[in-house]
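To keep things clear, I will list the structure first and then write my remarks on it.
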Amino acid sequence: MAGRPLTGLLLALTLLASEVQGSGQSAPETREMLQVGSGALSWWGIPLYEATLLAPLGEFQAEGPYALQLTYRRNFSRSQLARATLDEIERMRGTRGDRERLISRFEALFADVTPGDQLLGVHLPGEAAVFYGPDGYLGRLDDPELASAFFEIWLAPGNRNCANACWGLRSDQA
């Protein structure tokens, strides 16, 4: 179980909270958001990251804005995160013909992380995903379908990175 399965689980990668640790910069999209729930992902007992879901008034609505913050417990390169992200999207939605282009796009949106670093992703359904890292704003993914696919890694029924139970969601909310 080396390589690809670990890479897929590493993915549990990125994002949420109104302050990105160490940056001192607020993510303006999350100023009115409160924590919905949180959970941690380990692989064979090795802690990978802690995830926190945020939403307006602390009430998650899939069709409304929300954010996901990942606090990493291990070192990961942006390349590892990008590949793991696409591996999970393809596991859930099927193989994509534009794989290398998407890996490059995700690499441009992610940052290398070390233990304690946070990545924050803000989902603006039907519009985009906005990403923040330890040094502030990382970029914007102006592809509504791909943005949704990214957040499904953690929120879709049957995801393996954090069961809906860790968010306190019912199956009809995800």
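A few notes on this one:
- Calculated FRET efficiency for the pair R96/Q35, C-beta based, R₀ 25 Å, to 0.05: 0.15
- Placed amide H near A40: partners under 5 Å, 5+ positions off or other chain: A51
- Local electrostatic count, R74, Cβ distance below 15 Å [Lys/Arg +1, Asp/Glu -1]: -1
- For I103, the solvent-accessible surface computed with a 1.4 Å probe is close to 0 Å², ligands and nucleic acids excluded.
- Given their separation in residues at 0.36 nm each and the Cα-Cα distance between them, R140 and I46 gain 30.8 nm when the chain is fully extended.
- Residue-count net charge about D142 - beta-carbon cut-off 14 Å; Lys, Arg +1, Asp, Glu -1: -1
- Heavy atoms of L57: accessible area, 1.4 Å probe, square angstrom to 10: 140 Å²
- Net +/- balance of residues flanking P47 in space, Cβ distance below 11 Å, scoring K and R +1, D and E -1: +1
The values are calculated or read from the model by the stated rules, or taken from the named source; none is laboratory data. The structure displayed is predicted, hence computed values, not measured ones. So basically every Cβ, Gly included, is an ideal-geometry build from the backbone, and we count neighbours across all protein chains shown. In case anyone asks, the SASA skips ligands and DNA or RNA and just uses the protein heavy atoms, side chains included. Shrake-Rupley method; radii C 1.70, N 1.55, O 1.52, S 1.80 Å.
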